[in-house]
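S.K.: Encoded as C-alpha cells, here's the structure I'll be asking about.
The values are calculated or read from the model by the stated rules, or taken from the named source; none is laboratory data. Fair warning: this is a prediction, and the values are worked out from it, not measured in the lab. Note that each Cβ is placed from the backbone with ideal geometry, even for glycine, and that neighbours are counted across all protein chains shown.
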Amino acid sequence: MTTTQPGSRPLDAAAGTVVYGSARGTGLLAAVVLGSGIAFLDSTVVNVALPTIGRDLGASFAQLQWVVTGYTLALAAFILVGGSLGDRLGRRRVYVWGIAGFAVTSLLCALAPTADALVAARVLQGVAGALLTPGSLAVIQSSFRPQDRGRAIGTWAGVGAVAPALGPPLGGWLAEVDWRLVFLVNLPLAALALVLTVRFVPESRDATSDGPLDVAGAVLGVLALGGLTAALVGTGGGEGGAVLQAVVPAGAVVAVVAGAGFVWWERRARRPMVPPSLWSSRTFTVANLLTLAVYAALSGLFFFLALQLQTSLGYRPVLAGAAALPSSVLLLLLSSRAGDLATRTGPRLLLLVGPLVAAVGVALLAPLSAGDSYLLHVLPGVLLFGLGLALLVAPLTTTVLAAAPDRLTGTASGVNNAVSRAGGLVAVAALPSLVGLGAQEYADADALTDGYRAAMLVCAGLLVLGGLSALALPRRYADCAPRDERTDGRTGAGTPAP
C-alpha cells in the first residue's frame, strides 16, 4: 500500500512502521546489511590481492596505491552527496542505484586489462559505494519504528563489522585462484541485495525537497572532502608513494578553499545540501565529535597493531589481520543488544562507558613487544577493546540520526560517515610522524615498538576524550531529537514539543 504526501512522489505506507523481528524487518535488515557489507568488504579485501594484481598487470607501486586510494578518495568525496540524494529522490531508489552501480563497477574491475583501467574502475566503484553506505543507515532510520531503531542499527553495525575483518583472509584465498574473483564475488551478493531491497524496503524521502538540487553545494562538498582525503592519504603515502605525496599541497589547498566556500554557500542557499541547522543541535555536534575521536583511535589501533605484530612479533600478514577478529565477533554478538539497551535507558551512559572500556583495552595492548604471546598479551586487550566498541557503536550511530529531523536522515548519515572516515584518515596519516616513525623505522623492531607504544597511548587518550564528551549528551533519545520531532522515549509515539 502506498500513500502520497503533498508535493511528493508516492511513498510506501510501511515507512516508519516496520517491526524488528518481523518478516519484513528481517528481510529489510538483510538487504541493507548485505548491500553495505559489500562496500565495507571492498575496503579491505583488495589489499591482500595487490601483489598478485601487480604481477599480472605489470603495475607500478604507485598504481597499486591508487587501486586502494582511488576507491577511498571517491567514497569519501561523494558520501555527503549520496546521503543528500537519498533524502531528496527516495532512499530506497538511491540505495538501489548504489547496489546496481557497485555490481557494474565490480565487473569493470574484474575485466580491467591494465592497471590504469583498474584504477579508473575503482574510482567509479567508490562513487557507487558512497550511495550505499549512508543509504543503508537512512533506510533503517526511516523504515523501522522509533523504538526498534537502536536494535536494528546495532544489528547493522555488528554484522557490518565482520565484513572488513573477513576481507584479508577472503582476499588472500581468492587471489590464490585468480585476483579477478575478488571483484566478481560482489556480483551474486549485489544481485541478492537488490532482490531483497525491492521486496522488503519501503520507500521514503524528504517531502519538503521539491526545489532544484543544490548543485553548487554538492560540487563544493565533493571538492572539499576529496581534497582533504587526497591530502591525508598522500601524507601517509610513505616510501614509493611519490604520486600520492605530490597531491598533498594541492589537496590541502582545495580542501581549505572548497570547505570555506561550502560553509559560506550552505548558509546562504535556499535549499542547502547540508542545512546549517543540523549543527545547531548540540547533540548532533557532540556525537559527531565523539565519532571523530573514536574512529581515529580505531583506525590508529588497527594500523599500528598490524605493524607491531608483523615486525616485532613475526606474525604472517594474514595472522596479523586476524588477530583483531575477536573484537569483530563481540560487535556481531553484542551490538544489537547494546542498541536495544540504549533505546530503553538512553545513550549517554553507554557512550561514556564504551569508550572508557575500549581505552583500557588499548592500554593493555600498549606494552606489546617481541616474544609476547597472543593469548596472554594480545587477546585480553583485543577483547576489552571489542567490548567497548560493542557498547558504543550502535548507540552512537542512533544518537546522530535521532538528533536530525527524520526528513534529513540520509544527510545526517552522510555527515557522520564523512566524519568517521576523516577521523580514520587523520590517524593513519598523522600518527606515524607524531610518534617519530619514518620509512626506515617501520622495518626496525625496536624503533617501531617505541613508536607503537606512543601511538597506543594517543589512541587511548582519544577514546577517553570521546567518552568524557558524552557527558554533554542528553540522557534519553527523546531529548536528542529536534524539538518539533521529539518522541516519547517509552513508546515512540509523537508528543508535542515543550
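S.K.: Can you run down the residue pairs with Cβ atoms below 9 Å, 6 or more apart or on separate chains, where the first is in region 185-198 and surrounded by 13 or more Cβ atoms within 10 Å (Cβ to Cβ) and the partner is among the basic types (Lys, Arg)?
M.R.: Within 9 Å, the pairs are 197/92.
S.K.: Also: Please tell me if residue 396 is crowded, with 24+ Cβ neighbours inside 10 Å and assigned by TED's automatic domain parsing to the domain that holds residue 299.
M.R.: Details: crowded, with 24+ Cβ neighbours inside 10 Å: yes; assigned by TED's automatic domain parsing to the domain that holds residue 299: yes.
Yes.
This table checks each residue for (1) buried (at least 22 other Cβ atoms within 10 Å of the Cβ); (2) basic (Lys, Arg); (3) modelled with pLDDT of 85 or more.
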position: 32; (1), (2), (3): yes, no, yes
position: 55; (1), (2), (3): no, yes, yes
position: 60; (1), (2), (3): no, no, no
position: 98; (1), (2), (3): yes, no, yes
position: 112; (1), (2), (3): no, no, yes
position: 116; (1), (2), (3): no, no, yes
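S.K.: Residues of region 313-325 being free of Cβ contacts under 8 Å to residues at least 40 places away in the same chain and buried (at least 18 other Cβ atoms within 10 Å of the Cβ), which ones?
M.R.: Within region 313-325, 315, 320 qualify.
Results for (1) within 26 Å of residue 141 (Cα to Cα); (2) surrounded by fewer than 17 Cβ atoms within 10 Å (Cβ to Cβ); (3) aliphatic (A, V, I, L, M); (4) not assigned by TED's automatic domain parsing to the domain that holds residue 445, shown as yes or no for each residue.
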position	(1), (2), (3), (4)
298	yes, no, yes, no
307	no, no, yes, no
327	yes, no, no, no
332	yes, no, yes, no
346	yes, no, no, no
356	no, no, yes, no
364	no, no, yes, no
367	no, yes, no, no
372	no, yes, no, no
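S.K.: I've got another one for you. Being of a type in the set (Gly, Ala, Ser) and crowded, with 23+ Cβ neighbours inside 10 Å is the filter here, so list the residues in region 252-292 that pass it.
M.R.: 287
S.K.: Another question, then. Test residue 108 against the stated conditions and say whether it is of a type in the set (A, V, I, L, M), out of contact with any helix residue (DSSP H, G or I) (no Cβ under 6 Å at 6 or more places or on another chain) and surrounded by fewer than 24 Cβ atoms within 10 Å (Cβ to Cβ).
M.R.: no
S.K.: I'd like the full set of residues that are in a loop (DSSP other than H, G, I, E, B), within 23 Å of the chain's Cα centre (by Cα) and under 24 Å from residue 144 (Cα atoms), limited to region 170-202.
M.R.: 201
S.K.: When you look at residue 321, is it part of a loop (DSSP other than H, G, I, E, B) and farther than 17 Å from residue 400 by Cα, yes or no?
M.R.: Answer is no for this residue.
S.K.: Across region 118-150, what is the total count of residues that are surrounded by fewer than 24 Cβ atoms within 10 Å (Cβ to Cβ) and closer than 20 Å to residue 65 by Cα?
M.R.: 6
S.K.: While we're on this one: Consider region 139-166. How many of its residues are under 19 Å from residue 99 (Cβ atoms) and touching an Asp or Glu at 6+ places or on another chain (Cβ under 7 Å)?
M.R.: So the count comes out to 1.
S.K.: Here's a follow-up. Within region 135-145, can one find any residue that is farther than 22 Å from residue 60 by Cα and among the charged types (D, E, K, R)?
M.R.: yes
S.K.: Considering every residue within region 278-290, establish whether at least one is within 21 Å of the chain's Cα centre (by Cα), modelled with pLDDT under 85 and assigned to a loop (DSSP other than H, G, I, E, B).
M.R.: No, there is no match, as no residue in region 278-290 is within 21 Å of the chain's Cα centre (by Cα), modelled with pLDDT under 85 and assigned to a loop (DSSP other than H, G, I, E, B).
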